[in-house]
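The values are calculated or read from the model by the stated rules, or taken from the named source; none is laboratory data. Just so it is clear, the structure is predicted and the values come from calculations on it, not from any experiment. Ideal geometry is used to build each Cβ from the backbone, glycine not excepted, and the neighbour counts take in all protein chains shown.
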Amino acid sequence: MKLHRSALAVAIFAALLAPTLASGAGYAIYEQGAAVLGMAGAGTASVHDASAVFYNPAALVTLEGKSAYFGGTWLSTHNSFAGVDPNPGFGVTEKMNTGNFFPPTVYWTNRLSNKFAYGAGLNAPFGLGVDWADPETFTGRGRVTKATLQGVNANFSLAYALTPELSIGAGFDALFAGVEVNQIATQVIPGGGGGAANIAQVKLKGGLTPGYGFNGALQWRPDARWKFGAAYRSEIVVDITDGDATFTQMLTGDTLFDAVVAAGLPPAQGVSTTLKFPAMVSVGGAWSPTPDWTWEVDVNKTMWSLFDELPITFATTTSKNSVITENYEDSWRVSVGAEHRLAGHTYRFGYYYDQEAAPIESVTPLLPDAPRHGVTLGLGWTLGAKKQWTLDAYNLALFVENRSTEGQERDGYNGTYKAYVNGTGLSLAYHW
Amino acid sequence: MKKHLRLTPILLLAAFVAGCQGPCDSIDSITGPQLTSGTADFTTYVAAGTSISAGYQSGGIVDRHQTNAFPAIFARQIGKTVLQNGQGDFTFPSMGHDGFPQLLAIKSFSPLIINNTGRTLGYPAANYNQATSYQNLGVPGAIAFDFADTTRYHATADPNMFSVVARYRGTIAQQMLGQAPTFVTYEYGANEVLGSATSGGAIAVFPASSYAALLTGHMNAIHATLPNTKVAIFTVPDVASIPFCTTFKPYTVMIATGAVVELKGPNGDLSPNDLVLLTAKDSLAAGTGFPVGAYNYLNPAAPGNGRPLTNTQVLNVAEQTAIRTAAGLMNTAVDSVATRPFVVKVDMAALLSSMAADGYTVGATHYTTSFVTGGLFSLDGVHPTDLGHAILANALVDAVNAKFGAGVPRANVNDYMSATASASRPAMPENVLPGMRVDGLDTGLRALFGNRW
């Protein structure tokens, strides 16, 4: 009970402090463990620390004793956009404010016997952080100026060894999701030459709301050289019904127009939406040709086709209800990583390719999804007299391919997006 | 020593992060494609046409909007210099002040008052004495007949736009061909049907067969004189879908019962598809056209008086049919001529239909063909705004590129969203003379505004 209460406190803490961003396809975040990330996330088969709670709960039975794990990644994002005609036009460039995000991870594992283990974790497997610079003149301000999506997952999993070589795991996920979208409403200046003016700041905000899902996993260790793993996390749908919508008028300086806008401005009111977090399945194979080397290849599929639309439903002004079509497609991710355990430290490296999930029409200033190439480098140390401390660090250089909307964006906002993400992560675990 | 070795990789990582170049830099802007002309030649461009070509909007022509008429935008896209004073290499009769006639302006939203009271009449000061013909020979009110015939030039009512544009220098055709243009836009046809539409059918539609003959004859004449010149021609839009015709509904409700009831026209109750024209505004505001006891949606203070609207205030279904039939025949003629290798069709009719049905979205701003609030039509309810012109210019660009294998860059529509269609709106004076005054439209306007974004 005490653990439960403190875990809840951490969840709230994490939620408050964790504006997050997508560094995987769509709004997924794969940065959930420094050691596995050193191997580019290829850890479904070989994970051997407490981040097994996320990567493969069936591996929990291979972790001796108890462990407590605290980690985090500093993600620094660089996003920009260059427009084309007819909208927003050639020569137009936009950029996001450089983002700094710290999605945290906390895990706890306990092996009760050779056959039973459990683990609990808190992490942020989904998130989005968008913050376009100079919002009042940003050419995509009608859609979004600033947005955050938080998905803080509390997870409890059990692992059971069917045989010494084969174990299974299953667990329960409670995903607390919150969202905030800011945009600037523009309106045609009446009787004008077609000019539009900023008339209101629109803020749609939904507080953290839980959705529930489950996970299952398998790990097979046929001999000392080979490990295979599979993990599945179910989709989670979160209905946010108690969001707040506020409309703050922006005066244009034209009193005639402002008076009409004021008369037509909707009141502050409730807003609801449905956030969809897709299922993920990962399979991996790890090979240790010698006791000090491990190589792993993982394939991950995320069922992004779940994210078909984003409804926005107002409590009072129903005429403003909208459904943003997304029509995402399932996406694949392939990762290859290696770990070399030396006497003083361990080093790791890896590469992953993450396919885009958004179709070309849905590449928007809210979610400029694109294919990504991640290159990682990791280091690990075992510390303490009894080797009870483990410190891992990694760096991810995430090269996001420039993605053009090819003139097909749904709202006619066309151009090319560029992004780069650097992630630096650290974790500290204590075993006893 | 050993500890230092352990820190080295971390320092390397930190250096990597701090020194991020290239991937961390913002994207370079994208420049538009370079102009290519394909089989067309854009050395000399001359535009002939109607008020649309002239850049007439909100009831007049003024330099600020003449520079954004679709021929001017197209000229800019093919590398010409278009200047507000009408000079540069795409010249036109530049009108200063508040336009010729003075442009309409919104004086008040509640009640909606639109007029040009107190505005200064413009005149073609900058280049009226230009020694050569203008490149933009668009004349408000012109029909295809006027292209090569001066009969109507000096017979039309004041203000006589022919004297401003043609300046007694010969026919439009002569002035065009005299410049030996390599590319021509020929935009006629709208006025052949517009007169009928805006007069509620009182003016007959110009015979479609005559238009067809004129069109064919003019194309032959241009081709005979300038065999290498390419010509863009325009289909005739459905003028019954412009705000002038669609703003007022032909029905209302009974105050007592809420039952839907038709407005009254010259021949009894209107049908649901009859169009009440903008010119009925004063009658409607007084309660005319509304049955006794009916809600006056324009001016609730004046409930229906039971008197009928006049014939010129209503475009009934039969009149609409006559207009559409004529426009259809005219467009058949356009299609026929457009099969010739030197002629390209710009489907203005399809463009307007699409706008009327679905509007037009730029970013998250949605534009419609609604009067005053829609953003695509100016305050006269007939002529497009600068943005409407930019969209039309892009249709021209697309058609030219497709037919002649050219690479004319499309215009950036954002550059044509001017703040107003009538220069700046003056502050509302206390005693506004009842010019084009529409009292009580504010409630309806608010409803329109409420759904804009």
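Does A:Arg225 satisfy the criteria of being in contact (Cβ under 8 Å) with a residue 12 or more places away in the chain, more than 17 Å from B:Gly375 (Cβ to Cβ), crowded, with 19+ Cβ neighbours inside 10 Å and charged (D, E, K, R)? It is false that A:Arg225 is in contact (Cβ under 8 Å) with a residue 12 or more places away in the chain, more than 17 Å from B:Gly375 (Cβ to Cβ), crowded, with 19+ Cβ neighbours inside 10 Å and charged (D, E, K, R). If you go through the stretch B:382-394 and keep only what is in a helix (DSSP H, G or I) and within 11 Å of another protein chain (Cβ to nearest Cβ), you end up with B:Asp386, B:Leu387, B:Gly388, B:His389, B:Ala390, B:Ile391, B:Ala393, B:Asn394.
Would you say A:Thr109 is over 17 Å from A:Trp74 (Cα atoms) and in contact with a Leu (Cβ under 7 Å, 6 or more places away or on another chain)? Yes: the conditions hold for A:Thr109. On the stretch given as the stretch A:358-372, residues that are within 18 Å of A:Met303 (Cα to Cα) and either of a type in the set (S, T, N, Q) or in contact with a Leu (Cβ under 9 Å, 6 or more places away or on another chain) (or both) total 4. Give me the pairs, please: first residue somewhere in the stretch B:37-62 and free of Cβ contacts under 8 Å to residues at least 12 places away in the same chain, second residue anywhere and assigned to a helix (DSSP H, G or I), beta-carbon distance under 9 Å, and either six or more positions apart or on two chains. Here the result reads none, with nothing in the stretch B:37-62 linked to a residue that is assigned to a helix (DSSP H, G or I).
For A:Ala357, are the conditions met, namely being assigned to a loop (DSSP other than H, G, I, E, B) and of a type in the set (Gly, Ala, Ser)? In short, yes. Taking the stretch B:63-90 as the range and being over 29 Å from B:Phe371 (Cβ atoms), in contact (Cβ under 8 Å) with a residue 12 or more places away in the chain and part of a loop (DSSP other than H, G, I, E, B) as the test, the residues that pass are B:Ile78, B:Gly79, B:Lys80, B:Leu83, B:Asn85, B:Gly86, B:Gln87, B:Asp89, B:Phe90.
Looking at this structure, is A:Thr77 among the hydroxyl-bearing types (Ser, Thr, Tyr), crowded, with 24+ Cβ neighbours inside 10 Å and within 14 Å of chain B (Cβ to nearest Cβ)?
Yes: the conditions hold for A:Thr77.
Can you name the condition, by its number, that B:Val139 falls short on among (1) crowded, with 21+ Cβ neighbours inside 10 Å; (2) over 22 Å from B:Ala190 (Cβ atoms)? Among (1) crowded, with 21+ Cβ neighbours inside 10 Å; (2) over 22 Å from B:Ala190 (Cβ atoms), the lone unmet condition for B:Val139 is (2). Here the strands (runs of 3 or more DSSP E) wholly within the stretch B:162-265 that include at least 2 residues being touching a Lys or Arg at 6+ places or on another chain (Cβ under 8 Å) are B:183-187, B:230-234.
Residues of the stretch B:395-419 that are facing another protein chain (nearest Cβ under 7 Å) and polar (S, T, N, Q): B:Asn412, B:Asn414, B:Ser418. Quick check: anything in the stretch B:89-98 at pLDDT below 95, touching an Asp or Glu at 6+ places or on another chain (Cβ under 6 Å) and aliphatic (A, V, I, L, M)? Yes, the stretch B:89-98 has at least one match. Can you tell me how many residues within the stretch A:392-413 are more than 10 Å from chain B (Cβ to nearest Cβ) and touching a Gly at 6+ places or on another chain (Cβ under 7 Å)? Qualifying residue count for the region: 3. Scanning the stretch A:96-114 for residues that are surrounded by 19 or more Cβ atoms within 10 Å (Cβ to Cβ) and within 9 Å of chain B (Cβ to nearest Cβ) gives no hits.
Out of A:Ala154, A:Ala117, one residue alone is away from every other protein chain (no Cβ under 14 Å), farther than 27 Å from A:Thr364 by Cα and under 19 Å from the mean Cα position of the chain (by Cα). It is A:Ala154.
What number of residues within the stretch A:120-178 are over 26 Å from A:Ala231 (Cα atoms), surrounded by fewer than 23 Cβ atoms within 10 Å (Cβ to Cβ) and β-branched (Val, Ile, Thr)? Within the stretch A:120-178, residues that are over 26 Å from A:Ala231 (Cα atoms), surrounded by fewer than 23 Cβ atoms within 10 Å (Cβ to Cβ) and β-branched (Val, Ile, Thr) number 4.
Checking the stated criteria, A:Asp242 turns out not to satisfy the condition of being surrounded by 16 or more Cβ atoms within 10 Å (Cβ to Cβ) and either without any contact (Cβ under 8 Å) to a residue 60 or more places away in the chain or within 14 Å of chain B (Cβ to nearest Cβ) (or both). With a requirement of 3 or more residues that are in the same structural domain as B:Gly200 (by TED's automatic domain parsing) and closer than 28 Å to A:Val261 by Cα, the helices (runs of 4 or more DSSP H) lying completely within the stretch B:280-373 that satisfy it span B:348-358.
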